[in-house]
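A.B. asks: Mind having a look at this structure? Questions to follow.
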Amino acid sequence: MKTGVFTGSFDPYTIGHDNIVRRMLPLFDRIVIGVVETNVHKQGQTPAEERCANIARIYAQESKIEVKVYKDLAVDLAHREQAQYIIKGIRSVKDFEYEREMAEINKQIGNVETLLICADPQLAHISSSMVRELMHYGKDVSEFLP
């Protein structure tokens, strides 16, 4: 069984994230969306369990997708789920450099490959941090959320 883990803080989970998952579905027998409880680089606004439940509702009819909260490294989640791949979306050169370094570390410490998937151009400007900022200022963000 070919399994991939799609990991992130997903605070919030955007249409860009959804697009990556839907594009990867034909390649995998199973995709685990891993919602990290705490990201040392970001300050979360929504509890991980709530983020997990929100994402699970999106894919309630998709038997190939599971959504789980995790508290350690993406490579550790990949091992627990017997995943051969970590899936990461990239929107820019900045994302690419960061994710490339993480991919190399994950390969070195855990022998897990990472697939770097480019965002669809029409969605590349959408980020969770941008959506959080718009929400903070009371703007309607429904067009950015699945």
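The values are calculated or read from the model by the stated rules, or taken from the named source; none is laboratory data. These numbers come from a predicted model, not from an experiment. Methodologically, a virtual Cβ is constructed for each residue, glycine included, from the backbone with ideal geometry; neighbour enumeration extends over all protein chains shown. Remember, those area values only see protein heavy atoms, side chains included, never the ligands or the DNA or RNA. Shrake-Rupley method; radii C 1.70, N 1.55, O 1.52, S 1.80 Å.
A.B. asks: If I take R0 = 30 Å and measure r between the Cβ atoms of E104 and M135 in this structure, what FRET efficiency does the formula 1/(1 + (r/R0)^6) give, to the nearest 0.05?
C.D. replies: Result of the calculation: an efficiency of 0.30.
A.B. asks: Moving on. Based solely on its DSSP helices, what 222 nm [θ] is calculated for the chain when runs of n ≥ 4 H residues each add -39,500 (n - 2.57) and the sum is averaged over all residues, nearest 500 deg cm²/dmol?
C.D. replies: Mean residue ellipticity at 222 nm (helix-derived): -11500 deg cm²/dmol.
A.B. asks: Any chance you could run the full-extension gain for R57 through M1? It's 0.36 nm times the residue separation minus the Cα-Cα distance, nm to one decimal.
C.D. replies: Once the chain is fully extended between R57 and M1, it gains 17.7 nm.
A.B. asks: Here's something else I'd like to know. No solvent, one uniform scatterer per C-alpha: report log10 I(q)/I(0) for the range 58-98 via the Debye equation at q = 0.21, 0.25, 0.26, 0.31 1/Å, two decimals.
C.D. replies: Normalising to I(0) and taking log10 leaves -0.89, -0.99, -0.99, -1.03.
A.B. asks: Taking amide H positions as placed in the peptide plane 1.01 Å from N, state which residues far from I65 in sequence (5 or more) or on other chains have amide H under 5 Å from it.
C.D. replies: The answer is I31.
A.B. asks: Also: With unit charges on the beta carbon (Lys/Arg positive, Asp/Glu negative), name the residue among N111, A124, P12 whose Cα is farthest towards the positive pole of the charge dipole of the range 1-141.
C.D. replies: A124
A.B. asks: Still on this structure, please answer the following. Starting from the Cα gyration tensor of the chain, multiply each eigenvalue by 5, take the square root, and state the resulting semi-axes largest first in whole Å.
C.D. replies: Gyration-tensor ellipsoid for the chain: 23, 17, 15 Å.
A.B. asks: Assigning unit charges at the beta carbon (Lys, Arg +1; Asp, Glu -1) and nothing else, what dipole magnitude in debye, to the nearest 20, does the range 80-146 show about its Cα centre? Mind dumping the intermediate values first?
C.D. replies: Details: 8 positive and 11 negative charges, 20 e Å.
Charge dipole, the range 80-146, about its Cα centre: 100 debye, nearest 20.
A.B. asks: Of the accessible area of the chain, with the probe set at 1.4 angstrom, what percent is carbon plus sulfur?
C.D. replies: Percent of accessible area from carbon and sulfur atoms in the chain: 51.
A.B. asks: Continuing with the same structure: How big is the charge dipole of the chain about its Cα centre, in debye rounded to the nearest 20, if each Lys and Arg gets +1 on its Cβ and each Asp and Glu gets -1 on its Cβ?
C.D. replies: 160
A.B. asks: In Å², what does the accessible area per residue of the range 5-84 work out to with a 1.4 Å probe?
C.D. replies: Details: 4120 Å² over 80 residues.
With all protein chains present, the range 5-84 gives 52 Å² per residue.
A.B. asks: In percent, how large is the relative contact order of the range 1-137, given Cα pairs closer than 8 Å and 6 or more residues apart?
C.D. replies: 31
A.B. asks: Please list, or write none, the lysines whose alpha carbon is within less than 30 Å of the alpha carbon of K107, excluding same-chain residues fewer than 8 places away.
C.D. replies: Reachable lysines: K2, K42, K64, K68, K71, K88, K94.
A.B. asks: Rank-order 8-16, 51-59, 116-124, 93-101 by packing density, defined as the average count of other C-beta atoms within 10 Å over each peptide's residues, highest first.
C.D. replies: 8-16, 51-59, 116-124, 93-101
A.B. asks: May I pose another question? Per residue and in Å³, how big is the convex hull formed by the alpha-carbon atoms of the range 85-146?
C.D. replies: Per-residue hull volume (Cα only) is 98 Å³.
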